[in-house]
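> One structure coming up, written as structure tokens, with questions to follow.
The values are calculated or read from the model by the stated rules, or taken from the named source; none is laboratory data. Only a predicted model underlies this, so the values are computations on that prediction, with no experimental measurement involved. Cβ placement follows ideal geometry from the backbone for every residue including glycine, while neighbour counts extend to all protein chains displayed.
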Amino acid sequence: MLPAMRDAKQHGLDHMPKVDEFIAELMLSPDEALKDDARCPRPQCRATDELLSRAYDKAAYMTRIWKFLAVLMLAQNRMLQPEHADLDLCSLNDVSLQAFAFMTRELGRLMSTVVVTCRQVWFAQAPMSDDSRQMLRKLPVVLGLLFGPVAECTIKCTKQLSQTTPLWNAQPRNQAHRVVADGGLTHSLRAFPGGLTAAEPASQFCYLTDNHNSVVGIRGVTSALGVVSLPVSPEEIEARAKDVAQSEGSSCQTPHLFCYPAQSNFSGRKYSLGYVRGIQARQLYPACDSKGLWFVLLDAASFASCSPLDLQEHPADFVPFSFYKMFGFPTSLGALLVQNDTAALLRNTYFGGGTTAAYLAGENYYVSAPNMASRFEDVTISFLDIIALNHCFDSLHTFTRAMDKIQPHTFGLTRYTYLLLSSLCHGNGQPVAQIYSNSEFENPSTQGAILNFNLMDCHGQMIGYSQVDKLASLFNIHVRTGCFCNTGACQLFLGITNQEVKSNLQAGHVCGDNIDLVDNRPTGSVRVSFGYMSTFQDCQNVLNFVADCFVEKPVKVDQAKLDRLKSNTSSKGSSQCLLTMLTNGKPDHIDEREHASTDPVVTDWPVGALGLLHDRGWMVVNGNGVCLNQKREPRLCLIHPQIYLPSNTLLLQASGQTYI
């Protein structure tokens, strides 16, 4: 401290440090946050802040005085010649220097205490969670700074993770949900069996057969604990439901866990979010047949990438998800949303890293960290990847504004691809694709942006998914192949029995290999997924790839099936736009009001020297003569053109505007 006080101003020790901008901007306007004298916005806190600043300045002033006195004492010691020195005077000088060093050290501690206290004033009014405050309070004091770069990094990390709660309408204000950062869906599920019990009445671990193996894999731990594992088919949930909630078992406190995906990662089927309250109220199977407390784990890894999720309307107890599936980056990073009331069901038997409050190496003694999130973050958090989430969320809101805008966009692209691919035929009339789906893509509330299929040759024989995958990579098309870690759905759609799975294993087929056909029957399929960055051109690329590489020419379309599918829709907007593309072959947006027009239908049109008369014969330009299109100016879709052949006149009209 004493050497630093020699250049107090240079080290920022002459006055109370300015509040860091990343803290000030949490509570102040951007202009106020940039000021050197930025202070707390609340009057009571501002008064405390000013008193602390004065105390710091006085302590810094006293430290500088002690520094000058120490310099004088050192100079006096040097002036005393060893042969003429008074021993008593030398001893007095030594004691004085020790006293100066002691006082300087204590004043330094006082200044550090004032800095820590000032931090608490800002933390008390900053909009952050209790977990963040507790974490920041443990950070050491940085010389000349109020918070420092480590605090800035911590704030950014917690800020990025906290964006997940408003994204799905969770309840951060009353801390009903907590976010636990982890390595993705698989890592976050390992702690669930800890709260289940084998004592009578035994807990049940129930899961939908159409689940990712990361969920089904919990069974490996529950079985060792003696907990009953019960697979449930999708049809059983509602077919075996009870009309009213079961109340006779309200006194039983045995915990049970039911897991199901909001969206199947195999077929894109969306399961009802109403299952959450139905299971918790013991109205749906299997909860209606067992007494106790039922908790719901809603796997949102596939669902959250393209669909809005309201956790206040559907308050699942545990919601794991993956940022990689939402944004495509960063990999190996996910989180787990946990309701505080049900956090007791999570127990991490392994301890390491920051999960401990205290433990002994020579004795079996261990106390877990009091903070719920810290108890399960048993590895070094990927803080660099968490910071990158800032750009991911910014891009998401810049391009889409909200998740409910992504759903119609991605569903429209998926439906368009489904309509054409399912109607595509070889030259001899044989269908090209076998599509695996529970619906005909009528509604985005029941079908996600996933298209799962296998291709067939002109003789009706299946084409191996490995061949499709390798050729797709040459066309710069990225697809997933296999069973996608969802054996239950794979068996259901491909008709593979349990015995055939075991026989395929004996024949050498394992998950992830290239053995795509066994006895001319597929062992997996091809999956195409769309995201908020996908475009109509991506759909065209997939369809052109299939037509060029796998269709026996000439290419045909089952028009009767296509017409039936086109009429079998309950959605408008994006789907209606894409159906227009199918009819006209134009990828430009058609406004819905245009379809409602009462203008007479044109059944014939004259042909000019370059094709249909007046077609492509005009354009819209700006004041500089630059051509405008809908990509540059989306509002062009609001213009209603009319051509009058007798007068050779083009009329343009938009809402609220006169004819041009």
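> Out of all the residues in the range 431-440, which are under 21 Å from Val468 (Cβ atoms) and either within 26 Å of the chain's Cα centre (by Cα) or modelled with pLDDT under 95 (or both)?
Ser437
> Output the residue which, of all residues in the range 356-374 that are surrounded by 14 or more Cβ atoms within 10 Å (Cβ to Cβ) and either assigned by TED's automatic domain parsing to the domain that holds Thr410 or not in a helix (DSSP H, G or I) (or both), is modelled with the highest pLDDT.
Tyr359
> Out of the range 460-502, which residues are closer than 23 Å to Asn213 by Cβ, assigned to a loop (DSSP other than H, G, I, E, B) and of a type outside the set (S, T, N, Q)?
Within the range 460-502, Gly464, His478, Val479, Cys483, Phe484, Cys485, Gly495, Ile496 qualify.
> Hey, does the range 319-332 have a residue that's farther than 30 Å from His256 by Cβ, assigned by TED's automatic domain parsing to the domain that holds Gly268, assigned to a helix (DSSP H, G or I) and in contact (Cβ under 8 Å) with a residue 12 or more places away in the chain?
Yes, the conditions are met somewhere in the range 319-332.
> Moving on to the next point. Among the residues of the range 463-485, which ones are within 25 Å of the chain's Cα centre (by Cα) and surrounded by 16 or more Cβ atoms within 10 Å (Cβ to Cβ)?
Ile477, Val479, Arg480, Thr481, Gly482, Cys483, Phe484, Cys485
> Name the one entry in Leu636, Leu579 that is at pLDDT below 50, of a type outside the set (Phe, Trp, Tyr) and outside any loop (DSSP other than H, G, I, E, B).
Leu579 is the lone residue from the list that is at pLDDT below 50, of a type outside the set (Phe, Trp, Tyr) and outside any loop (DSSP other than H, G, I, E, B).
> Going through the range 499-535 one residue at a time, which ones are surrounded by fewer than 17 Cβ atoms within 10 Å (Cβ to Cβ), over 18 Å from Val468 (Cβ atoms) and touching a residue at least 40 places away in the same chain (Cβ under 8 Å)?
Hits for the range 499-535 are Met533, Thr535.
> Here's another thing I want to ask about it. Given the criteria at pLDDT 95 or above, out of contact with any helix residue (DSSP H, G or I) (no Cβ under 6 Å at 6 or more places or on another chain) and closer than 29 Å to Asn568 by Cα, does Gln407 qualify?
Taking the combined requirement at face value, the residue does not satisfy it.
> Further question on the same structure: Cβ-Cβ below 7 Å, separation at least six or inter-chain, first residue in the range 338-355 and at pLDDT below 75 and surrounded by fewer than 17 Cβ atoms within 10 Å (Cβ to Cβ), second among the aromatic types (Phe, Trp, Tyr) and in a helix (DSSP H, G or I): which pairs?
Short answer, once both residue conditions are applied: Asn348/Phe376.
> Hey, any hits in the range 265-279 for a residue that's out of contact with any helix residue (DSSP H, G or I) (no Cβ under 8 Å at 6 or more places or on another chain), of a type in the set (A, V, I, L, M, F, W, C) and surrounded by fewer than 18 Cβ atoms within 10 Å (Cβ to Cβ)?
no
Yes or no, residue by residue, for (1) of a type in the set (D, E, K, R); (2) outside any loop (DSSP other than H, G, I, E, B); (3) modelled with pLDDT of 90 or more; (4) within 11 Å of the chain's Cα centre (by Cα):
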site: Tyr285; (1), (2), (3), (4): no, no, yes, no
site: Lys291; (1), (2), (3), (4): yes, no, no, no
site: Phe295; (1), (2), (3), (4): no, yes, yes, no
site: Leu298; (1), (2), (3), (4): no, yes, yes, no
site: Ala304; (1), (2), (3), (4): no, yes, no, yes
site: Gln312; (1), (2), (3), (4): no, no, no, no
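> Right, here's the next one. Applying the selection to the range 591-618, what residues are modelled with pLDDT under 75, part of a loop (DSSP other than H, G, I, E, B) and either of a type outside the set (A, V, I, L, M, F, W, C) or within 16 Å of His640 (Cβ to Cβ) (or both)?
Those that are modelled with pLDDT under 75, part of a loop (DSSP other than H, G, I, E, B) and either of a type outside the set (A, V, I, L, M, F, W, C) or within 16 Å of His640 (Cβ to Cβ) (or both): Asp591, Ala596, Ser597, Thr598, Asp599, Pro600, Val601, Val602, Thr603, Arg616.
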